[in-house]
Amino acid sequence: MNSRGIGHAPEERQNDAQNGLKRAIGQLKQALASIDKQAPGLTYLGFGCWNAWNTIAFSGSFWLHETDNSSVSITLMLTHLAACVATLLAIALLSKRFPLALAKNRVTIGGAIMASLGTAIICLVRSTVLPLDHLSLIFRFGCVLSGVGTTVVFFRSVALFGTLPPHRALYRLAESALFSLMVFFVISACPNELATGLFVALPLCSAALFGVRSRNVNGEKQVLTQTAPLSRRFLTLLVSIALCSMAFEFIRSYILAAIPPMYSVDSVTMAQLIDIPIMLCILVAILLAKSQHDNFARIYSIATSVLVLLLIAMAMFSLKTVAIASAASVACTCFNLIVGAMLFYLVFQARANALLIVGLGNAALSVGSLASNLLTVAYLNSGITDDTMRIILCALGVAVLFDVLFVFSEKQIDAMLLPVDETICEEGAPHEKKPGKWKRACEQLAEQGKLSERETEVFFQLARGRTAQEIADREVVSIYTVRAHTRAIYAKLDVHSKSELAGRIDEVAKRSSGPGCDS
């Protein structure tokens, strides 16, 4: 009996340890759930930490001190972006294989550890702790680790933002950008050793903030498994994003490669200072907006127009100054914000797969940045003259102008981003019984047009931007039946296309004076 008791003692201690660990994990989950319930916006700041890491990494604001600042930054960006593009495309194209894995906190933590390890390697190499040249295999390995790791961390935000109504998603993106600016300046003001440690820890901080949200709020896991097909217009959008991203990043990297390293750091700091009032204005504008329909088409057109002006100014006057570099950085930040908001708008509108839509969209952004940095490397290493660079800038300007006017115009964006029914006012809070302005406008139009019950159902699906095939699949009818209902709807409402239908709904919504769900 004694021997049996002695034999079971280690097993009992092991069971007690396991039970204690389970209780501790359960208490931690309860604490996180309580924090998330009290401050639901806290977890979105994880995207701000991720954004701050990118700003610090590519600016070299404190972790690069040698005269080869520009070349090291370009080397880091090229290798890092190549790893990001590969990871983004792999996850987007294989999104049906393991969609829910990226919503798990342990996967996010694993990516953060990988990113922090890569960041530590980069900093150690550059601080001569490791006696290796910055072009060595170890340095590039650290860049690859950071690229893959930060991309995995980024995909955790896809589930969070993908369920938000468009105006709320834009608000959270601007809020996260403002938070990243604060983190940037706080870390830049610290002593070099402490700043380096905080820089290395940023991916872990991002994962920790993302980990506050452990529950499936508003179907965060569902947005990763939706299967709406990609439209041809979306593929056109990807080409436009890649082209504009290439032009923005080329202006910035071309100037930073031409000016002294200390000025390149100053340009980044100046750009961050300019970004602060811009993000504050965006937040205030969203809070004061009377309509939920964000005019992304107009904003996108303004951003691309600024890009064309910058390209023309640089080509004509060869402006390679800190001010122009700062302006390009600010415009690039705003452009990335607009693109992110548009991608999440599409996810919310079409109930599309968030991994596929956001993954391909950010891959397009990264491909554009990668192409621009390769062009800058060619400029630095192959002796391309300034006159040749002016010709390249002019060609980019013409390409962007052609894209804005003919390929992906404001009218096409309006046709793609149709009004949506924003049925959630706050994260995690159920919608009120009263319908929003968009839904009331649809109901009013259906009543005015004397649509039948079946036509009203199809009308609501059309207004949400769904195709005839998607409606047929959802309503379990043939596509020919849907087309017949669509013709009847268009005739009764006196419209001829989805864009006209969206315009009618928007007009009725603007005239509506009842309480909605505006921010």
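General remarks:
- FRET E, pair Ser409, Arg454, Förster distance 51 Å, beta-carbon r, rounded to 0.05: 0.90
- Taking all protein chains together and rolling a 1.4 Å probe, Lys320 ends up with roughly 60 Å² accessible.
- A Förster radius of 56 Å, combined with the Cβ-Cβ distance separating Arg390 from Asn15, puts the computed FRET efficiency at roughly 0.15.
- Each Lys and Arg contributes +1 and each Asp and Glu -1, all at the Cβ; summed about the Cα centre of the stretch 82-187, the dipole is approximately 380 debye.
- Modelled label positions at Arg106 and Ser231, each set 7 Å beyond Cα in the direction of Cβ, lie 4.0 nm from each other.
- Inter-probe distance in nm under a simple model that places probes 7 Å from Cα toward Cβ, at Ile276 and Val477: 5.7
- Computed FRET value (nearest 0.05) for Asp494 with Ala189, which takes r as the C-beta separation and R₀ as 41 Å: 0.10
- Placing dummy labels 7 Å off each Cα toward the beta-carbon, the span from Ala39 to Phe141 is 3.9 nm.
The values are calculated or read from the model by the stated rules, or taken from the named source; none is laboratory data. Since the model is a prediction, treat every value here as computed from it, not as a measurement. Glycine gets a Cβ as well: all are built from the backbone with ideal geometry, and neighbour counts include every protein chain shown. These accessible areas exclude ligands, DNA and RNA; they are computed on the full protein's heavy atoms, side chains included. Shrake-Rupley method; radii C 1.70, N 1.55, O 1.52, S 1.80 Å.
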